[in-house]
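**Q** My questions will all concern the structure given below.
Bear in mind that the values in this text are calculations on the coordinates, not laboratory data. In this text the structure is predicted, and so the values were computed from the model without any measurement. FYI the Cβ positions are ideal-geometry reconstructions off the backbone, even for glycines, and counts take in every protein chain you see.
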Amino acid sequence: MKMRNLVVGGLALAFALSTSTVAIALQGKKGALEAVDKLAKKAKDASFAEDCKSAAKGLELDPVMHSFKPRARGGFGIGGKAGLVPANQDGIEAYLPALSKKGLSAADAGKMGEPVIEMANRVLAIAEVSDHLWPESKESAKSKKKWLELNQMMKDGAKEVAEAVETKNYAGVKKAAGKLNTSCSECHSVFRD
């Protein structure tokens, strides 16, 4: 009977620890989403870069990067609710390749303009925060230099996407989205585990 109680107690403890670890991981992702979203709404503020630097002190890289994942996997979706884009594109990393191939037409701008600007501002916030969260496991100065270079490319692409939509330069949206998508692909090839 004592052995059974020990086993049951041990299993209960293991379950509690594993669920708390999952809860902490989910809280980290949710906290990162909330922080990035708050920063993205202030993308045009003069204090934006400094606000991102301050926010980075309370964030970790993995949850911040998880923001790129589809809405169904805990990342940002495209637009306020699911269904604006096909389910397989309802996340920043999933939508960017499509936007870089198709661009944004004047006909689609009415429903997609604001969600694309919102996405671009979120990417800008992620990149600005990530300047201060480079993956230190890549120890050489060259790696940090490359990280900052790719982050700058991501910031430039995000700003160009938002500006192209705001100025109704729909051909420019496709080009800027291509630049932004390239920054993601290049970064994955160097830094993604």
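**Q** Which order results if 179, 44 are arranged by neighbouring Cβ count within 10 Å, fewest first?
**A** 44, 179
**Q** While we're on this one: Tell me which residues come under 5 Å, amide H to amide H, from residue 91 once H is placed; ignore anything under 5 positions away on its chain.
**A** So residue 91 has HN proximity to 71, 78.
**Q** Across the range 183-191, in residue order, what do the Karplus-derived ³J(HN,Hα) couplings come to in whole Hz, using 6.51 cos²θ - 1.76 cosθ + 1.60 with θ = phi - 60° and x for Gly and Pro?
**A** Working through the residues one at a time gives 4, 5, 4, 5, 5, 4, 5, 9, 10 Hz.
**Q** Output the direction-averaged projected area (hull surface divided by four) of the convex hull of the alpha-carbon atoms of the range 53-151, in nm².
**A** Dividing the Cα hull surface by four gives the mean projection, 7.3 nm².
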